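One structure below.
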Amino acid sequence: MAQLIVYFSREGENYVNGTIKNLQVGNTEIAAKMIQDYTDADIFKMEPNVPYSEDYNECIAQAQDDQRRDARPELKEYPKSLEKYDTVYLGYPNYWGTMPMAVFTFLEHFDFTGKTIAPFCTHEGSGMGHSEEDIKRLCPGAVVKKGLAIHGVSVSRSEKDIKEWIEKNE
């Protein structure tokens, strides 16, 4: 049973525990690599063709505008195929109650019929939001597992939670 970790993450200026901090590696990427350590799954980072601004406040404005317009930002690249994968771990930061719009682009690019999607998100207090429902709507032929919400400020200490979540989803 082949597994793939697909994630969207943001390094640079981020909102962390009430303040803006410069992150060398985004929180979702840290979680994705922990999942890879436990699963030995292949890994793929989603990157939009036009990246969001490095400036946190500009990034927020751009991302909110994408959401208002229901935009589908094009990605730099996609995996060639998802055919060999049974399970896709899908990671993203929570942007206003759901996924960044680039994740919508990715999900609409492939047919997930018969696949299992295990979503995980990083957040600063809003948990999974309604992202699980959005994934079910976008991927009606997939089995969507209960997601894992990781508080961004504690992502580096979340190994135990990640391992338990993986075990529940196997």
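Can you give me the distance in nm between label points at Glu83 and Glu170, each placed 7 Å from the Cα along the Cα-to-Cβ direction?
Taking the simple label geometry, Glu83 and Glu170 are separated by 2.9 nm.
Can you tell me how much longer the chain between Tyr38 and Asp70 gets when fully stretched, taken as 0.36 nm per residue apart minus their C-alpha distance, in nm with one decimal? Each step should come with its number before you reach the end.
Details: separation 32, 0.36 × 32 = 11.52 nm, distance 3.47 nm.
Extra length available between Tyr38 and Asp70 comes to 8.1 nm.
Convex hull over the alpha-carbon atoms of region 1-135: what's its volume per residue in Å³?
106
Check each of the chymotrypsin sites (Phe, Trp or Tyr not before Pro) in region 65-147 and keep only those in coil by DSSP with at most 14 other C-beta atoms within 10 angstrom; list them in order.
Trp96
Going through region 19-94, which GluC sites (Glu not before Pro) have at most 16 other Cβ atoms within 10 Å and a DSSP loop state?
Details: sites: Glu29, Glu54, Glu58, Glu74, Glu77, Glu83; in loops: Glu54, Glu74, Glu77, Glu83.
Those that pass, being in a loop and sparsely packed, are Glu54, Glu74, Glu77, Glu83.
Rolling a 1.4 Å sphere over the protein heavy atoms, what is the accessible area per residue of region 1-126, to the nearest Å²?
Values: 6070 Å² over 126 residues.
Heavy-atom SASA per residue in region 1-126 reads 48 Å².
Could you tell me the distance between the Cα centroids of region 68-92 and region 27-54, to the nearest Å?
11
Counting other C-beta atoms within 10 Å, and keeping those with at most 14, which DSSP coil trypsin sites (Lys or Arg not before Pro) do you find in region 87-170?
Loop-located and lightly packed - Lys146.
How large is the convex hull of the Cα atoms of region 109-170 per residue, expressed in Å³ as a whole number?
Working: hull volume 5.3 nm³, N = 62.
It comes to 85 Å³ per residue, whole-number rounded.
Rounded to the nearest Å, what's the spacing between the alpha carbon centres of region 98-164 and region 1-23? Just the number, please.
13
Rounded to a whole number, what % of the accessible area of the chain do carbon and sulfur atoms account for, probe 1.4 Å?
C and S fraction of accessible area: 45 percent.
Restricting to DSSP H runs of at least four residues, report the calculated mean residue ellipticity at 222 nm for the chain, -39500 (n - 2.57) per run over all residues, nearest 500 deg cm²/dmol.
So the calculated ellipticity at 222 nm is -10000 deg cm²/dmol.
The values are calculated or read from the model by the stated rules, or taken from the named source; none is laboratory data. Just so you know, these numbers come straight off a predicted model, no measurement behind them. Quick reminder, even Gly has a Cβ in these numbers, built from the backbone with ideal geometry, and neighbours come from all protein chains shown. What goes into the accessible areas is simple: the full protein's heavy atoms, side chains included, and nothing from ligands, DNA or RNA. Shrake-Rupley method; radii C 1.70, N 1.55, O 1.52, S 1.80 Å.
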